[in-house]
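Only one structure is covered here, and it is reproduced in the block below.
Any read-out appearing in this document is the output of simple, stated calculations on the displayed coordinates, not a laboratory observation. Bear in mind that the values here come from a model prediction, so they are computed numbers and not experimental data. Backbone-built Cβ (ideal geometry, glycine too); neighbour counts: all protein chains shown.
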Amino acid sequence: MKTLLLLAALGAVTAVAACDRRTGPTESGARAVTGIVELRLGTFVQRYDLRVERTDDGFAPSLTPIGGARPVGRALAGLAFVRGGAGPAGPVVIATPQGTVTTRLTYRPLGPWHVLDRAAISVAAPQLGAGPELTVAVLEPRLVR
């Protein structure tokens, strides 16, 4: 049940960390960001190849499973992997009927944009206590010109 609650929490985080759709001129001429997305829940790890294209409307991510990873769900695909700005300053707390979801998002600058460094999602349910932390990290991000 904790796992299902954490995965549902990822959907809530997606709403909070929606892609920053503003784009502007870039001095570097970058048109995309590539890297590896790592989804980790305890000892459960899945990895995906990431490519985020800059479009006229913002950023369009695509994720391709690596190895035995499952196909990407909507919540993970909707996470803001690249933004025009640094993102939320502090943790975001969302109260749900099943418990409290706490999310911490950190971004790092990469050329003209900010790339997701780590999203940490934890759930505390009154009947179950604190669950394991779900993390999403972008490893080895690179600009593509």
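Protection proxy ranking for 119-125, 59-65, 86-92, using the average of other Cβ atoms within 10 Å per residue and placing the highest first: 119-125, 59-65, 86-92. The spread of Cα positions in the stretch 43-145, taken along each principal axis and listed from longest to shortest, comes to 50, 34, 22 Å.
A simple spin-label model places pseudo-atoms 7 Å from Cα toward Cβ; at Val45 and Ala86 they are separated by 2.9 nm. For the stretch 115-128, the Karplus equation 6.51 cos²θ - 1.76 cosθ + 1.60, evaluated at θ = phi - 60°, returns couplings of 10, 4, 8, 7, 10, 10, 10, 10, 10, 10, 10, x, 7, 10 Hz by residue, with Gly and Pro reported as x.
About its Cα centre, the stretch 77-145 has a charge dipole of approximately 260 debye under the convention of +1 per Lys or Arg Cβ and -1 per Asp or Glu Cβ, with nothing else charged.
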